[in-house]
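S.K.: Please read through the structure below; I'll follow up with questions.
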Amino acid sequence: MNSYLYSINLTLISTHKEKITTFSFVITEFLLIVIAIQVWFRTTMASQEQWLLENGNLKGLSKENRHGRTAHNMSSSSLRKKSDLTLVSKVPCNFLRQLLANLQEVFLGTKLSVLFPAIPLAIIAHCYGFGRPWVFGLSLLGLTPLAERVSFLTEQIAYYTGPTVGGLLNATCGNATELIIAIFALAEHKIDVVKYSLLGSILSNLLLVLGTSLFCGGIANLKKEQKYDRRQADVNTLLLLLALLCHMLPLLFRYAGASAALTADPTLQLSRAASIVMLIAYLVYIIFQLWTHRQLFEAEEDSEVDDDVRAEEVPVIGFWSGFAWLVGMTAVIALLSEYVVGTIEDASESWGISVSFISIILLPIVGNAAEHAGAVIFAFKNKLDITLGVALGSATQIALFVVPLCVVVAWMMGIKMDLNFNLLETGALALSIIATAFTLQDGSSHYLKGLVLLLCYIVIAACFFVSQRPLGPANLVNFGIQSS
């Protein structure tokens, strides 16, 4: 009996190591690609930036761009607070003083620092076998400040790497939380959770974040005309429509087939081809955003800049310290993501809420709370270009980069994940993109537009709240056709 249990433990350990090895391989390959692109960008942009500086043309190198700042960073910076280093500066030992200063900047430099205790509580709850719904809830709360701190650390590193490399780093790590959760869900073969969570991130950015921002901004600026640059919105809307096409074709392809069994493999091949197309489109979008048409995505400079934002023009953490903290934060995010993926079904059963509702509604709201709150704050200040950069930029990144990357990673892991998100989910995505496109077509905003987007989100949330469709292979009925 003991030898039998021992063999089972060895099997479980080897399986877990295989998953971790696969995950590490994928992440390593991805980072190598990112580093290669960074080196190419830095080489090609060095001469252009030097020419701008020598000829006195600093317009192309605004404050945001000189340090690689994007709308995502400026949005998250609204939730940061300046740390008082008076006591730390009195420590005689230089190494200890720098360590304490870094600890204070990382953990106390955000208004969300009150949520950091949820991280050790989640680990303790997992290790000591507390209720799995508690592990899920605490892990979800712990991910909220970590996502904001990753944005802060990437911005600190961007001060040393230059605007182009910094912008690419920000674009890569902008939705790191969603990507890590998706990778762990793939390792557990929970493909539906991957699809639901990524779909929820797109819907929350397009309807919840943008709707709340336009509504609150319209109420706060009733006597002011709210204008924004349509060109940025048009670019993101066009890319979202491309992503929607790539999502709808596998759905229509299987719907047009005689049976789901006969069209399953062709649908998978079509999804992988469409994913490669989307990744190419996202690469071109990065070049468009950071090099050829950078001025379209620059945050508008304002003379009335907050003191906290001014203070962040100087880095507060060294390059290697920031890099080490970024790796550590990413490791903690990976740990909490593993807890979330492993306990989501138990939380669904305990709370009486469907997994689809938790994945589509709760995960995106809590995971990106810091970024979402920052977008609303800038809408209050009538800076809608930053708000649009956050909402549309995140939605575009998830639709064109994270979703197809998950399909490719699943392909490498031998997992069959396609772009068929089922009829209900794809229909909700299509209507959300269309509603957003109509909302942003005239370059102006008022509170009614935001209210309509919010009401759309509430209706979609109610739809998935009452949906009790099972996960995985048990769900054999799609588009009104039952597989034979």
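The values are calculated or read from the model by the stated rules, or taken from the named source; none is laboratory data. Please read these numbers as outputs of a predicted model, since none were measured by experiment. Every residue, glycine as well, gets a Cβ built from its backbone with ideal geometry; the counts of neighbours run over all protein chains shown.
S.K.: Hey, residue 415 hits all of (1) assigned to a helix (DSSP H, G or I); (2) over 20 Å from the mean Cα position of the chain (by Cα); (3) farther than 20 Å from residue 218 by Cα; (4) of a type outside the set (Lys, Arg) but one; which does it fall short on?
M.R.: The one condition residue 415 does not meet is (1).
S.K.: Residues 345, 338: which one is charged (D, E, K, R) and within 21 Å of the chain's Cα centre (by Cα)?
M.R.: 338
Every residue, every condition in (1) β-branched (Val, Ile, Thr); (2) outside any helix (DSSP H, G or I); (3) modelled with pLDDT of 80 or more, yes or no:
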| site | (1), (2), (3) |
| --- | --- |
| 156 | no, no, no |
| 168 | no, no, no |
| 193 | yes, no, yes |
| 197 | no, no, yes |
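S.K.: Of all residues in the range 409-431, how many are crowded, with 22+ Cβ neighbours inside 10 Å and either in contact with a strand residue (DSSP E or B) (Cβ under 9 Å, 6 or more places away or on another chain) or free of Cβ contacts under 8 Å to residues at least 60 places away in the same chain (or both)?
M.R.: 1
S.K.: Return yes when residue 459 is part of a helix (DSSP H, G or I) and in contact (Cβ under 8 Å) with a residue 60 or more places away in the chain and no when it is not.
M.R.: no
S.K.: Considering each residue of the range 102-134, count those that are part of a helix (DSSP H, G or I) and basic (Lys, Arg), and give that number.
M.R.: Residues that pass the stated criteria total 1.
S.K.: Just give me the residues in the range 170-186 being surrounded by fewer than 22 Cβ atoms within 10 Å (Cβ to Cβ) and modelled with pLDDT of 75 or more, in sequence order.
M.R.: 176 - this is the single residue of the range 170-186 that is surrounded by fewer than 22 Cβ atoms within 10 Å (Cβ to Cβ) and modelled with pLDDT of 75 or more.
S.K.: If you don't mind, another one. Being modelled with pLDDT under 90, touching a helix residue (DSSP H, G or I) at 6+ places or on another chain (Cβ under 9 Å), buried (at least 19 other Cβ atoms within 10 Å of the Cβ) and of a type outside the set (Gly, Ala, Ser) is the requirement here; does residue 384 meet it?
M.R.: Here the answer is yes, as residue 384 does meet what is asked.
S.K.: Among the numbered criteria (1) at pLDDT 85 or above; (2) buried (at least 22 other Cβ atoms within 10 Å of the Cβ); (3) charged (D, E, K, R), which single criterion is violated by residue 132?
M.R.: The single condition residue 132 does not satisfy is (2).
S.K.: Related question: For residue 227, state whether it is in contact with a strand residue (DSSP E or B) (Cβ under 7 Å, 6 or more places away or on another chain) and in contact (Cβ under 8 Å) with a residue 60 or more places away in the chain.
M.R.: Taking the combined requirement at face value, the residue satisfies it.
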